[in-house]
1. Within the range 74-100, find all residues whose amide N lies under 19 Å from a label point positioned 7 Å from the Cα of SER123 along Cα-to-beta-carbon.
2. Taking 35 Å as R0, compute the FRET efficiency from the Cβ-Cβ separation of SER99 and THR135 and round it to 0.05.
3. Using a 1.4 Å probe and ignoring any ligands, DNA or RNA, find the accessible area of VAL111 and quote it in Å² to the nearest 10.
4. Dividing the Cα convex hull volume of the range 74-150 by residue count, how many Å³ per residue is that?
5. Which length gain, in nm to one decimal place, applies between SER143 and TYR81 when the Cα-Cα distance is subtracted from 0.36 nm times their residue separation?
6. Could you give the length gained on full extension between SER74 and TRP112, defined as 0.36 nm per residue of separation minus the Cα-Cα distance, in nm?
7. Students sometimes get this wrong: rank HIS86, HIS156 by accessible area, probe 1.4 Å, all chains present, largest first.
Amino acid sequence: MKIFSTIVLAVAAVQQALAHYRFLGINGSGDYDYIRLYQNYYSNGPISNVTSTDIRCNLGAATTTGTLTVAAGSTATFSVYTSIGHPGPLLWYMAKAPSGTVNGWDGSGNVWFKIGQTGATFSGGAMSWPSSGLTSVSIKIPSSLPSGEYLLRVSHIQ
């Protein structure tokens, strides 16, 4: 199975506070080797309109980049610049390319499905967020996923 990783920081779109981190690489790759480069990649700026198509892959994201082969059932790990510095859930989505290739496809349509999330934990009357402070985040790709090219999206809501 080929997976194309994309980044959506919907997080900052739903809040006034800006995120102070970005997801840069996947499985040890260089920055943006398999992640679509977007217009504000250098600034950590938010998406301010959650109804915009930018919510899928970030502001003005390119529709082409490298593709990374990842086996179903294996783990995909994103590196985080600098670390996740705000509390909130971490969400993972995938979408299978309708034409067989992710290059040139913007992720449009009712095609996204959730493959995982990390929410709050509660202990002794206190709430904590396991994603806080992480410099990398990982998800197991469903082992039952059919072969093909997919967009993989990680979102952190703060």
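The values are calculated or read from the model by the stated rules, or taken from the named source; none is laboratory data. This one's a predicted model, so the numbers in the text were calculated from it and none came from an experiment. Cβ placement follows ideal geometry from the backbone for every residue including glycine, while neighbour counts extend to all protein chains displayed. These area figures cover heavy atoms from the full protein model, side chains too; ligands, DNA and RNA do not enter into them. Shrake-Rupley method; radii C 1.70, N 1.55, O 1.52, S 1.80 Å.
1. From the range 74-100, the list is 87-90.
2. 0.50
3. It works out to around 50 Å².
4. Roughly 132 Å³ of hull volume per residue.
5. So the extension gain works out to 19.5 nm.
6. That pair, SER74 and TRP112, stretches by 11.7 nm at full extension.
7. On the way: HIS86 40, HIS156 0 Å².
Output order, biggest surface exposure first: HIS86, HIS156.
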